[in-house]
Amino acid sequence: MLQKVLKFALNADEKNILKRSVFWNMLASTLTGFITAIIVFFVTRINGVGVAGIINIASAYGYQCLTLGSFGVRNLQSSDVKYQYQYSDYFYHRIITSVLMYLLLIYYSFCSGYTLEKAIVIFLFGLFKSVDAIEDVYHGEYQRNSRLDVGSIYITLRQLASLVLFVITLILTKSIILSLFLMTLASFILFISLNKVTLPIFFKGEKRVDWLKIKELFIATLPLCIASFISMYLSNSPKYALDNLPNSDELQGYFGILSMPVFTINLISNMIFRPLITKISIYWNENKINSFIKITVIQFIFTIVLTFVITCFGYFIGLRLLEIIFGYPLIEYMSSFIILLIGGGAITLANLLLLLLTIVRAQNIALVVYIFGLLFVLFGSSTLVDQYGVLGASILYLIVWIIVGIVSILFLTLIIIRRRDGKCLEKS
């Protein structure tokens, strides 16, 4: 079975690689984005909204740790078409960041005053997400060699198999801890089995430790990592604020249900945009500013239109569907739901801008941008959430990403103007 998967993933007609990359990246992105939602659905139905709330805060911590493990390297690695850094540099860099990731996960899980059961759930979910960080350095190398499709196929298979095992175990045992444990174990086994065979095809050199290069990579990506970490903290700030309220698990459960469709906007947008990262990088490196601007504007317009369509759908149909799916009355949360959907568009545009700032190698500016959002969270989150609960958490989510988006646009515009004034324009 494993050999068949490897053969299917690696043997592809060069003419169809781009189409395969788009298709499988779409599947992988969709599954990655919805896997938490699917888990929450089954947990809500089988164990109740309170236990689902624990999964919701566990996912917040899991993704927070993931940003530290990934260290903001993927976009840099996949766009490093000039091979400023070798794969070995990225690999050993990832070992160090993974150790930091696991230390942070242990702190979140067992040093936050939670019950033992809740701490174990948070820890196991974080372990499951940690595979994404470790695997990402392999898939970044595949993408740098124009084989995004290979990594996307592996992600799809690994997460689908792990998810099926989780669901079956939960239905049979109703044990959230056992289900998470088996899901995580399966994910690690599949990750190792698939990538240990594939990597030598794309990287044939020796894994030599070049501490100077690793240090340079840390310096180059540290601002981006901090920005990504703050970005994830901003995304999770409503959950963190809700976690301090009485009956936090139940509130987390409802907020998790309402926020599920939010990531649809980001998912669909990434399906279109991620396969174009290398091309956009080439446009910028070759000073084809007009092409760079054109593809950016198209993505912006697409995201805005998509946000409008999904928000309208959510208002007329979406919330009712969520009530049917999860079996809980949600109509009182309509305002929160609409605000969250609009916030989904805002965070998608903000993430797109962060990626563009990475491509133009302005990571330090990305850090400054997210500090603006962080300041608002630090001074405004408690007031909003304490007074308005779930509605306050939704408002917090929207305002934060509007602030980040506006500041990002201003900085990126200045960078593009300076580039156009200082270098040759694209030849006709």
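With the structure loaded, tell me whether Ala350 is among the aliphatic types (A, V, I, L, M) and either surrounded by fewer than 15 Cβ atoms within 10 Å (Cβ to Cβ) or touching a Phe, Trp or Tyr at 6+ places or on another chain (Cβ under 6 Å) (or both) or whether it fails that test. When the stated conditions are applied, Ala350 passes them. Taking Leu398, is it in the same structural domain as Ile298 (by TED's automatic domain parsing), at pLDDT 90 or above and out of contact with any strand residue (DSSP E or B) (no Cβ under 8 Å at 6 or more places or on another chain)? In short, yes.
Selection of the stretch 53-75 for residues being farther than 13 Å from Ser98 by Cα, of a type in the set (A, V, I, L, M) and within 12 Å of the chain's Cα centre (by Cα) yields only Ala60.
Among the residues of the stretch 259-282, is any of a type in the set (Phe, Trp, Tyr) and either buried (at least 18 other Cβ atoms within 10 Å of the Cβ) or touching a Gly at 6+ places or on another chain (Cβ under 7 Å) (or both)? Yes, the stretch 259-282 contains a residue that is of a type in the set (Phe, Trp, Tyr) and either buried (at least 18 other Cβ atoms within 10 Å of the Cβ) or touching a Gly at 6+ places or on another chain (Cβ under 7 Å) (or both). Just for the stretch 155-177: of the residues that are surrounded by 17 or more Cβ atoms within 10 Å (Cβ to Cβ) and free of Cβ contacts under 8 Å to residues at least 24 places away in the same chain, which one is nearest to Met1 (Cα to Cα)? Going through the qualifying residues, I end up with Leu165.
Of all residues in the stretch 299-321, those satisfying the criterion of being of a type in the set (Val, Ile, Thr) and over 22 Å from the mean Cα position of the chain (by Cα) are Val309, Ile317.
Exactly one residue out of Ile403, Ile365 is at pLDDT 90 or above and among the β-branched types (Val, Ile, Thr): that is Ile403. Being out of contact with any helix residue (DSSP H, G or I) (no Cβ under 7 Å at 6 or more places or on another chain) and within 24 Å of Gly373 (Cβ to Cβ) is the requirement here; does Val297 meet it? The answer is yes for Val297. From the list Leu391, Leu375, Leu340, the one residue that fits, being of a type outside the set (Lys, Arg), surrounded by fewer than 21 Cβ atoms within 10 Å (Cβ to Cβ) and under 30 Å from Phe41 (Cα atoms), is Leu391.
Filtering the stretch 194-202 for residues that are crowded, with 16+ Cβ neighbours inside 10 Å, more than 30 Å from Phe8 (Cα to Cα) and not charged (D, E, K, R) leaves an empty set. Return yes or no: is Leu127 closer than 25 Å to Cys225 by Cα, hydrophobic (A, V, I, L, M, F, W, C) and touching a residue at least 12 places away in the same chain (Cβ under 8 Å)? In short, yes. Does Val360 meet the test of being touching a residue at least 60 places away in the same chain (Cβ under 8 Å), crowded, with 21+ Cβ neighbours inside 10 Å and assigned by TED's automatic domain parsing to the domain that holds Ile298? In short, no. Do we find a residue being modelled with pLDDT of 90 or more and among the aromatic types (Phe, Trp, Tyr) anywhere in the stretch 406-428? Yes, the stretch 406-428 has at least one match.
The values are calculated or read from the model by the stated rules, or taken from the named source; none is laboratory data. Because the structure is a prediction, the values reported are computed rather than measured. Glycine gets a Cβ as well: all are built from the backbone with ideal geometry, and neighbour counts include every protein chain shown.
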